Amino acid sequence: MISKTEIKCGDLYLADFNPSIGHEYQGKRPALVIEADRQIIKSSLITVLPLTSNLENKNDEDIFIKVDKENQLKFDSIIKVYDIVSFDRIRFINRIGKIDQETHRIVKNYLLKHFNL
């Protein structure tokens, strides 16, 4: 099992979204950790955004992410910003990579808007 101190905000992990119900994302897929590092250590759950490589499934505010050496994704993907979820760390399979600073800034700005902060 991956320890809490290994997981950092901005990391991309392969996560197991099953079991899921209804319109929740399913299967093993990349997930972006959006929870602050200091909160990850305190909490039994870790908050993420799912990614999809289905580029036609992009909503207006979803964030496109192109494959690069830092994120190590297999495919260009979309960060599904409307689908915020918190998982137990047992769902985290392995670290893939991390997002770049500009994408991190865009995600943070979206979250400010999403939560009306």
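What follows is calculated from the coordinates using simple rules that are stated; it is not laboratory data. Predicted model only: the values in this text are computed from it and were never measured. For neighbour counting, all protein chains shown are included, and Cβ atoms are generated from backbone atoms with ideal geometry for every residue, glycine included.
For chymotrypsin sites (Phe, Trp or Tyr not before Pro), the sites in segment 37-117 that DSSP calls loop and that have at most 15 other Cβ atoms within 10 Å are 75, 82, 115.
Percent of Cα pairs in the chain per distance bin of 10 Å, from zero to the largest separation: 14, 50, 34, 3.
Each 5 Å bin, from zero up to the one with the longest distance, holds this percent of the alpha carbon pairs of segment 5-44: 6, 24, 22, 20, 19, 9, 1. For segment 60-87 and segment 10-25, what is the separation of their C-alpha centers, rounded to whole Å? Computed from Cα coordinates, the inter-centre distance equals 12 Å. Site-free segments of the chain were taken between GluC sites (Glu not before Pro) in DSSP loops having at most 15 other Cβ atoms within 10 Å, sites themselves excluded; the longest one is 71-117. Identify the residues of segment 19-49 with backbone N under 19 Å of a label point that sits 7 angstrom from the Cα of residue 57 along the Cα-to-Cβ direction, or state none. Answer for this model: 19-34, 48-49. Taking 14 Å as the straight-line reach from the Cα of residue 69, the aspartates and glutamates in range (excluding those fewer than 8 positions away in the same chain) are 11, 100. Test of understanding: given the chain, find the longest segment containing no trypsin sites (Lys or Arg not before Pro) that are in a DSSP loop and have at most 12 other Cβ atoms within 10 Å. The segment 1-65 is the longest one with no such site.
Can you spot the lysines whose alpha carbon is less than 22 Å from residue 74's alpha carbon? Ignore those fewer than 8 places along the same chain. The reachable lysines, counting only those whose Cα sits under 22 Å from residue 74, are 8, 28, 58, 66, 98. Choose one of 78, 51, 32: the residue whose Cα lies farthest towards the positive end of the charge dipole of the chain (beta-carbon charges +1 Lys, Arg; -1 Asp, Glu; about the Cα centre). Result: 32, furthest along the dipole toward the positive end.
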